[in-house]
Amino acid sequence: MPTGTVATQPEGAGTVKNRVDRDKAQFQLRQLYTAYMASQAMGDGPRTEDDLKANLEGGDRLLRSPRDGEKFVICYNVKLSSLPQGATETLLMWESSANSEGKRCGLMADGRPVYLTEDEFRRLPKADDK
């Protein structure tokens, strides 16, 4: 930083916040996936948010992104073993909007967390695609 320039916030502070938000969101998405798989093990579920919540430890707060407070988009009533593109190539849940860097957290149907640009997000098949 040039001499005499006053910084209003540390360099990279936005990036650090995005990283912290990403880590928190991915942790929550993995917890949601655990509840999703528990519901799958008991039958065809989860068919609805209520079905998912029945297996979710941590309450409703886990259903919302820590970054913006919006609900995660979750594909319900999906038979994971029958996804046309396979579980490794299909999004199961994701943040409803991108962050200030144009990226959002998601979770693949195999349980793997991802951090996607808008272009990557648009190109990936979603579990509820018909």
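Observations on the structure shown:
- Rounded to the nearest 10 degrees, the angle from helix 13-41 to the longest Cα principal axis of the chain is 10 degrees.
- Label point of A38 set 7 angstrom out along Cα-Cβ; within the stretch 62-76, amide nitrogens under 15 Å from it belong to 62-63.
- Helix-only arithmetic for the chain: the sum of -39500 (n - 2.57) across DSSP H runs with n ≥ 4, divided by the residue total, places the mean residue ellipticity at 222 nm at -10000 deg cm²/dmol.
- In the stretch 13-123, the ratio of gyration radius to Kirkwood radius, Rg to Rh, stands at 0.97 when only Cα atoms are counted.
- Surrounding net charge for K103, when Lys and Arg each add one and Asp and Glu each subtract one, Cβ distance under 12 Å: -2
- Calculated from backbone phi, Karplus (6.51, -1.76, 1.60) coupling profile of the stretch 82-93 in Hz, x at Gly/Pro: 10, 6, x, 8, x, 5, 6, 10, 10, 6, 9, 8
- J(HN,Hα) series, the stretch 114-128, from Karplus relation 6.51 cos²θ - 1.76 cosθ + 1.60, nearest Hz, glycine and proline x: 9, 10, 10, 6, 4, 5, 4, 4, 4, 7, 6, x, 9, 4, 9
- Couplings 3J(HN,Hα) of the stretch 95-107, computed from phi: 5, 6, 9, 7, 8, 5, 8, x, 10, 9, 8, x, 9 Hz, in residue order, whole Hz [Karplus 6.51 cos²θ - 1.76 cosθ + 1.60, θ = phi - 60°; x for Gly and Pro].
FYI, it's all coordinate maths here, none of it is from the lab. Please read these numbers as outputs of a predicted model, since none were measured by experiment. Note that we place each Cβ from the backbone using ideal geometry, even for glycine, and neighbour counts take in every protein chain shown.
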